[in-house]
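A short write-up of the structure that comes next.
The values are calculated or read from the model by the stated rules, or taken from the named source; none is laboratory data. Predicted model, so just to flag it, every value in this text is computed and none were measured. Here Cβ is always computed from backbone atoms with ideal geometry, including for glycine, and neighbour counts include all displayed protein chains. Each accessible area value is taken on the protein alone, full model and side chains, heavy atoms only, with ligands, DNA and RNA left out. Shrake-Rupley method; radii C 1.70, N 1.55, O 1.52, S 1.80 Å.
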Amino acid sequence: MPIENNRLTSDQYQENFSDIHPPFETKEAALTEANRCLFCYDAPCMKSCPTSINVPKFIKQITTDNVKGSAHTIFESNILGAGCSRVCPVEKLCEGACVYNLMDETPIHIAKLQRYSTEMALEKKWPLFIRKPSNGKKVAIVGAGPAGLSCAHVLSREGIDVTVYEKESKGGGLMTYGIAAYKVTPAFCEEEVNYILSIGGIEIKYNHELGKNITLEELQKNYDAVYLGFGVGVARQLNIPGEELEGVVDAISFIYDVRTKGYENVPVGDKVAVIGMGMTAIDAATQARRLGAKEVTLVYRRTQEEMPCTEAELDIAMLDECKIIWLAAPKEVIGGGGKVVKLVCSVMKLGEPDASGRRSPVETDETLTLDVDMVIKAAGQIPFTELVNKNSIENANGKIKINNTATNIKGVFAGGDCVNGGREVVDAVQAGKDGAFEILKYFEEL
Amino acid sequence: MADITSNFLGIKSPNPFWLASAPPTDKKINVLRAFEAGWGGVVWKTLGSQVKNVSSRYSAVDYHGSRVMGFNNIELISDRPLDINLKEIVEVLKLFPDRAMVVSLMADNDRKSWHDIIAKVEDTGAHGLELNFGCPHGMTERGMGAAVGQDPEIARMVVEWVMEKATIPVITKLTPNVHSVVPTGKAAVEAGTSALSLINTIQSVTGINLDTLVPNPYVAGKSVFGGYCGPAVKPIALKFLTTIAQDATTSKVPVSGIGGISTWKDAVEFMLLGASNVQVCTAAMKHGFRIVEDMCEGLNNWMDEKGFKTLDDFIGKSVNKIVHWEDLDINYHHIAQIDQTKCIHCGLCYIACEDTSHQSINLDFGKPYNTYTIKDEECVGCNLCELVCPVENCITMVEHRVAPEYVNWIDYQKLGLPLNDH
Ligand SMILES: Cc1cc2nc3c(=O)[nH]c(=O)nc-3n(C[C@H](O)[C@H](O)[C@H](O)COP(=O)(O)OP(=O)(O)OC[C@H]3O[C@@H](n4cnc5c(N)ncnc54)[C@H](O)[C@@H]3O)c2cc1C
Ligand SMILES: Cc1cc2nc3c(=O)[nH]c(=O)nc-3n(C[C@H](O)[C@H](O)[C@H](O)COP(=O)(O)O)c2cc1C
Ligand code: SF4
C-alpha cells in the first residue's frame, strides 16, 4: 500500500479541483436571485456577518444596475469580500440567518451575489477607494494574511504608509496556502491581493520572517505602530506512539503542498485516516480523495452534535465518499518497515458537559483498528508559542492576549488567528479592521 | 358549473373574454389562433384610411424583475389594405360562427367616409362596430382617434353620423387621456351609441436609454409619446369605468371593460364595477393566447364558490360600494396585528411605519432576529405595514370601532367631535 503521487490524469485533477460553488453564469441569473431579496430592515444576514456587510444594500444595488456601488458597499466593510464570497461558511453566517429560512424557502444566495459584484470589480479593476494623502505615519504589519491585509487597507485609506512583512513569497495567508483548492485558486488569491494593494501606500516585503530576518524591536523602532497578524502554525501533535512513522503528516503541510506544488506532485496513500472534524480535517480528507486516495476515513473523538465543521462541509466530505468514524480517538500508529500500516483508536463515549457546554469524550476499554497507509493530523493548529514568548507578548498557550486589539506592548497590536487560535477568514478581516481603528485612535491620542 | 356565456347587445360569445382591437386581432391567422385557443370574441384591429407604421413600435416598463408591467406602443391603425381585412373577416366568421366579431373603425372626419366604411364592414356579416375615439398617437394629429374622444361635441357628431348608417350594434371606445371620461361618454350615449368600451391607451414616456439618452421606443434617434397599457393601467381603467357605471346617462348602456386585464381575477373586478364583458390586449401579447384557458376556468370556479350562476348575477355588484369620501364612516377603526408565529423578522413593516407613517411599531432588538409588535394606541389603521409584509396573513387589520354608530364627516363636524389626536 504505497503513498504515491501522479495517481490521476491531468483532466481528472482539473475536474476534481474545479470551483465547488460556481458563479452566476449570466446577469439574468444574478438579477433573478437579487430580486428575490426582501431588502430587510436591520437585516439578520447583516447582523450575522462578522464584518457587518450591508447585505440588503449591496443586493439592491445589483438590481438597480449599480454593480460598482454594490462592490463598494461590500469592500467598504470587507476588503476581502471577493475571497469571503468563496470561502465563508455562509450556512452558519449570513445565509443561515436569511429570513427565507423561516419560511422554509431557500435562503438568498448571498455569497454568490457577493461574488458577482466583487469579481466584476476585480476583473475591471475598479478603483473604488482613494487613499488620503500620506500623513507621514508608518505602520508595520506582520503577516500578509486576511487580518494583515484588511488592517493595511484601512490604514492606507487613512493616509498611513504601511509595510507588510510576510515570510512566504505570496500574500493572502491561508487563503493562498491553506484553504481548499476547489474554493479558491492561486490565481484568484493573487488577483485579490493585487486588487487590495492597488489603493497604494502598502508595500509587502515577501520572504521576511519575524524572528528570523527581522525582530520586533526593529519594527517598533522604525515604525509608529506594529500590527501582528501572523496566524497559527502547523497541526497539533497527537502525542501517541508511532507519530514519527513515515506516512504520518500534518494537514497544514499537506494542504500547503496541494496549494503550491501542483496536484500531480502531491503523494497520498491508498487508505488515509484523517484525525479531526474541523474545517481543516474536512479539507484534508476531501482533497486526499480528490488526489486519488481510494479510501479516506475521518476519525473524530466526539459525535456529530459536537463537530466543529458545518453540516455543509460534512456534506462535501460525504459526497466525496469519505467515511466517518465518530467517538474514536487515536491511540497508536502501528508501523511496518518504518511506514504506517495501522491506526489503533480508543472507542469513546460522551461524558458530562464541560465548561463550554460541550460533552467531553471519555475513553472506554474498547479499541478499533484501521488498516491505513497514511495518517493526516488535523486536530487543531498550534500557535507560534515560541515566537510570542520570546518577544514577551502576553499570551494564553501561545494565543496572543489583547485588550481591544492592543497587546501588552505599547504600540503593538494583534488580531486574527494568532489571537483567536484559528477561526474563519471573515473573522480575521474584522480583526484587521478593528486593529486599524485602534491604531488610528492610538495615533490620535499620542 | 356556472354559465359563463356572454350576451353583449345580442352579440353572443361562449365566454366574456374578447381580444381588444390591436395586433392580436390584426389578421386572419392571429384571430384563428385566438379562437382555437378559446377566446370568446375579438374586436378586429381598427380599420380606416391607409397608414404607414415605423420601427421600432413598442417599449415597456419592467418592475423588480418582472417584465412588461406596463406596455407602450406607437403603432397606428391597421396598415394592411382594407379589402384584405374585409375578406379575412368574412373567412373567419365562416370558420367560427359562435364567436363575437366586432370591427373597430376610425374613418376620416366626415360623414361620407364613415358611411362608406360602415357599409363595407356590415357587408362582411360582422356582429358589431367599435368606434376608436381613443388612439392617442399618430391619428390625433389628423384629427382622429383621441382628438375625437377628447372633445364631447365632435364625438357626438361622429356618433350621430355612424348611427344614421349602422344597422348592427355600435360600441364607442373612450380615451383615458382626459380629466373625466363622462362628458364624451354622455355625448356618445345621447347620440345613440349602443354601448361604451374603455379604456384605450394612456399617453406616456416609458423610459430613457441612459447610454444614448434617447427615450423609448427608439426611432432613428428620436421618440414620441406612446400609448400605455398593461397591468400598470388597471387601477386607472377601473376608476374610469366606475365613473361611467355611476353616471345616470352613461350607465344606461352596457360597457366593455378594457385596461390591464391579465387574469380572471382582473376580469371579475371589471365586471363587479359594471363591465358586461372584458377585452384584453397586453396580457395576450406578453403570454400568447393560451392565457384564456385559466381565465375561463378561474372565473368558473370563483362563480361556483360564490354561488353565481350567470355573469349577470354579479355584474355591477361593487358599483355602489364606491362612495364619496364624505359618506365614509368615521367611527370605523382598525388596528394592525402581527402574528408572531408567522413573522419572519424582516423589519419591513417597522421601517415603513417608522420612517413614513405613524411610528406605531415597536422594535425589540435581537441578534439576529428583532421582535416587532404594534403599539395599539398609536396605530391609525392605514394598512401600510400589512401591504409591505411579505408573509400572507402575518399582519391583519383587526376591527376596533370607535363607537357603534355610523358617523360621516358632515355629521362629525356638526357634532363637534375631536379632530386628529395623533
Ligand atoms: C486547511 C484550512 C482550511 C480553511 N478553510 C477555511 C474556509 O473554507 N473558510 C474560512 O473562512 N476560513 C478557513 N480557514 C481559516 C482561515 O484560513 C483563517 O482563519 C484565516 O486565514 C486567518 O487569517 P490570518 O490573517 O489571521 O492568518 P493567516 O491566514 O494564517 O495569515 C498569516 C500570515 O502570516 C504569515 N506569517 C506567519 N508567521 C510569520 C512570521 N513569523 N513572519 C512573517 N510572516 C509570518 C503567514 O505566512 C501568513 O501569510 C481554513 C484554515 C485552514 C488551516
Ligand atoms: C400595439 C397596440 C396597438 C393597439 N392598436 C389599437 C387599435 O388599433 N385600435 C384600438 O382601438 N386600440 C388599440 N390598442 C389599444 C388596446 O385595444 C387596448 O385598449 C389597450 O391596450 C388596453 O388594454 P390592455 O391593457 O389589455 O393592453 C392598441 C394597443 C397596443 C398595445
Ligand atoms: S397600520 Fe399603518 S400606522 Fe398602523 S402599524 Fe401599520 S403602518 Fe403603522
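General remarks:
- Placing pseudo-labels 7 Å out from each Cα toward the beta carbon at A:T369 and B:L93 gives an inter-label distance of 9.9 nm.
- Of the two radii for the protein assembly as shown, the radius of gyration is 1.12 times the Kirkwood radius, both from the alpha carbons; that is the Rg over Rh value.
- Mean-square fluctuations from a GNM of chain A, with a 10 angstrom spring cutoff on Cα atoms, peak among A:Y116, A:Y41, A:Y206 at A:Y41.
- Cα shape, region B:6-321, gyration tensor, a/c 1.5 rule: rounded
- Taking 0.36 nm per residue of separation and subtracting the Cα-Cα distance, full extension of the segment from B:Y63 to B:E297 would add 81.4 nm.
- For chain A, the orientation-averaged shadow of the C-alpha convex hull comes to 22.6 nm² (one quarter of the hull surface).
- Averaged over the residues of B:341-350, the number of partner chain Cβ atoms lying within 10 Å of the residue Cβ comes to 5.
- Rounded accessible area of B:T356 (nearest 10 Å², 1.4 Å probe): 100
- Solvent accessible area, Å² - B:K45, 1.4 Å probe, full protein context: 20
- Springs join every pair of Cα atoms under 10 Å in this Gaussian network model of chain B, and among B:L299, B:L213, B:L131 the largest mean-square fluctuation is at B:L213.
- Solvent-accessible surface of region B:6-321, taken per residue with a 1.4 Å probe and all protein chains present: 41 Å².
- Label point at B:K306 placed 7 Å out along Cα→Cβ; residues across region B:8-34 whose backbone nitrogen lies under 15 Å: B:16
- Sites matching GluC sites (Glu not before Pro) across region B:333-383 that sit in DSSP coil, with at most 14 neighbouring C-beta atoms within 10 Å: B:E377
- Rounded to the nearest 10 square angstrom, A:M307 shows an accessible area of 20 square angstrom against a 1.4 Å probe.
- Look at where the Cα atoms of region B:53-92 and of region A:1-66 average out, and the two centres are 42 Å apart.
- Using alpha-carbon coordinates, inclination of helix B:291-306 to the longest axis of chain B, degrees: 50
- In nm, spacing of pseudo-spin labels at A:N222 and A:S134 (7 Å Cα→C-beta vector): 1.5
- Simple spin-label estimate for B:R80 and B:T242 in nanometres, 7 Å along Cα-Cβ: 4.0
- Under 23 Å of direct C-alpha separation, and excluding same-chain neighbours fewer than eight residues apart, B:K94 reaches these lysines: B:K12, B:K27, B:K28, B:K45, B:K120.
- Above-threshold pairs, the threshold being 20 Å between Cα atoms, out of B:K173/B:K265; A:K112/A:K183; B:K239/B:K317; B:K265/B:K306; B:K265/B:K286: B:K173/B:K265
- Among the residues of A:99-105, the average count of other protein chain beta-carbon atoms within 10 Å of the residue beta-carbon is 4.
- Tensor-based shape of region A:1-64 (alpha-carbon gyration tensor, a/c under 1.5 rounded, otherwise prolate or oblate): oblate
- Over chain A: helical MRE at 222 nm, DSSP H runs n ≥ 4 each giving -39500 (n - 2.57), nearest 500: -10500 deg cm²/dmol
- Accessible area expressed per residue, region A:159-213, with surrounding protein chains retained (probe 1.4 Å, Å²): 39
- Averaged over A:47-59, number of beta-carbon atoms from partner chains that fall within 10 Å: 1
- Of the solvent-accessible surface of region B:6-321, computed with a 1.4 Å probe and all protein chains present, 54% belongs to carbon and sulfur.
- In this structure, B:V398 and A:K339 have a Cβ-Cβ separation that, at R0 = 56 Å, corresponds to a calculated FRET efficiency of about 0.15.
- Close amide H contacts of A:I108 (hydrogens built in the peptide plane, cut-off under 5 Å, sequence separation of 5 or more or a different chain): A:Y100.
- Heavy-atom accessible surface that B and A bury in contact, both chains counted, 1.4 Å, Å² to 100: 1400
- Loop sites in region A:171-223: trypsin sites (Lys or Arg not before Pro), DSSP, at most 14 other Cβ within 10 Å: A:K212
- Förster-model FRET efficiency, 35 Å R0, A:E386 and A:D11, C-beta, rounded to 0.05: 0.20
- If you sort the three axes of the alpha carbon gyration tensor as a ≥ b ≥ c, you get a/c of 1.5 or more for region A:56-113 and a/b no higher than b/c, which makes it oblate.
- When the residues A:F129, A:F413 are ordered by accessible surface, computed with a 1.4 Å probe over the protein chains alone, the sequence from largest down reads A:F129, A:F413.
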